[in-house]
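Structure first, then comments.
We did not get these values from a lab; they are worked out from the coordinates using the rules stated. Bear in mind that the values here come from a model prediction, so they are computed numbers and not experimental data. Here the Cβ positions follow ideal geometry from the backbone for every residue, glycine too, while neighbour counts run over all protein chains shown.
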Amino acid sequence: MPTNNSGDSYLEYTECHDVISSILSTYSATHRIIIAGDFNGTLKPPRNYNKHDRLLQAFVQEMNIKQCCTDKSTFFHHSRLSCSQIDYILDNNASTFISNYKTHDRCSTNTSSHVPVSAKIEVKTNVKKIVKPNFARQLKLQWKDLDFETFNALINKELT
């Protein structure tokens with residue numbers, strides 16, 4: 001997301017929201033969407049000097065995006081005069097499958113003004129094996145021996 005100090009950051013920020021909104025509108029009914037990164041705005045009480053805070057808060061509420069967060073700051077200004085929480089992992093579903101959300105601590109080897117934010121994402125899937133008759137079981141998939149037609153058909157079927 002654009003920083004507060006870029007040229008026309010208000011317009012650039014709302015354009016980014018439009019792109020994310022389009023993705024959410026198109027895919028929310030069929031997909032779980034996770035949006036992660038530096039939002040250059042906070043979901044904590046808005047700061048008077050940052051126009052992105054209210055935009056982000058309104059956007060998250062309008063799009064019904066859920067936040068997993070802690071109260072820890074994720075951004076530390078190089079001047080050491082300010083810090084805030086602007087890095088998030090957001091989810092488009094009420095029954096969250098994000099767990100172990102963590103805002104990492106600052107450390108001397110991290111020269112960035114941000115600290116990492118991480119989470120565990122629970123994914124369940126059915127795995128189907130493609131085995132040819134009289135084909136010896138192998139521990140490693142042998143791509144050179146793979147029946148690509150069957151493999152591609154199975155993948156395309158699962159994706160639809």
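Observations
- Matching residues in the stretch 109-130 - criterion: being basic (Lys, Arg) and either touching a residue at least 24 places away in the same chain (Cβ under 8 Å) or in a loop (DSSP other than H, G, I, E, B) (or both): Lys124, Lys128, Lys129
- Among (1) more than 23 Å from Val19 (Cβ to Cβ); (2) loosely packed, with under 11 Cβ neighbours inside 10 Å; (3) not aliphatic (A, V, I, L, M), the one test that Gln61 misses: (1)
- The lone exception for Ile35 - which of (1) surrounded by 15 or more Cβ atoms within 10 Å (Cβ to Cβ); (2) in a helix (DSSP H, G or I); (3) aliphatic (A, V, I, L, M) it fails: (2)
- Thr26 vs. criteria of a type in the set (Val, Ile, Thr), free of Cβ contacts under 8 Å to residues at least 60 places away in the same chain, out of contact with any Phe, Trp or Tyr (no Cβ under 7 Å at 6 or more places or on another chain) and surrounded by 13 or more Cβ atoms within 10 Å (Cβ to Cβ): no
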